[in-house]
Amino acid sequence: LFLAHMGVLSTAFVGGALALVWAMGLYPLDLRLVPWGLLCATAAASALFNFLINFGISVATPLVVSLAIQIGIPLNLILDVVVVRASVDPAQAIGVLMMLGSFALHRRSGQTGAKMAQSVDVPGRPQDIVELVG
């Protein structure tokens, strides 16, 4: 709630100051030159990202959420290549491959860890407690 109030106040004061200097002609801004489609798409993607992060935090571990955030970096590079026609240098390609590899390793370790936990007989598991009580 604090951040929401801070955002509203910041928008009011900074937006008001910008509107004032634009109306006085001190800041030349031609609104016809603003790429509104890209601006709205960026705002929508940012809002979706924030909602998904909040949802992810509520259903997953912080490690999974932080890895999921990292996946956005290669996706952003792909978007830059498609939309802006940016070129990818070897360092960027290696970085993307390393990030995707780390995500794949984490996913694989989680799957093998779950299989190992099922195959190991550990006293005190919830199933054992139910058997003792029931």
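Just so it is clear, none of the values below were taken in a lab; they were calculated from the coordinates. All of these numbers come straight from a predicted model, not from anything done at the bench. Glycine gets a Cβ as well: all are built from the backbone with ideal geometry, and neighbour counts include every protein chain shown.
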note = Highest mean packing first, using Cβ neighbours within 10 angstrom, the peptides 52-58, 38-44, 73-79 sort as 73-79, 52-58, 38-44
note = The alpha-carbon center of the stretch 92-108 and that of the stretch 47-66 are separated, in whole Å, by 19 Å
task = For the stretch 69-83, take each phi angle, set θ = phi - 60°, evaluate the Karplus expression 6.51 cos²θ - 1.76 cosθ + 1.60, and give the result in whole Hz per residue in order, putting x for glycine and proline.
result = 5, 5, 5, x, 5, x, 5, 5, 5, 4, 4, 4, 5, 6, 7
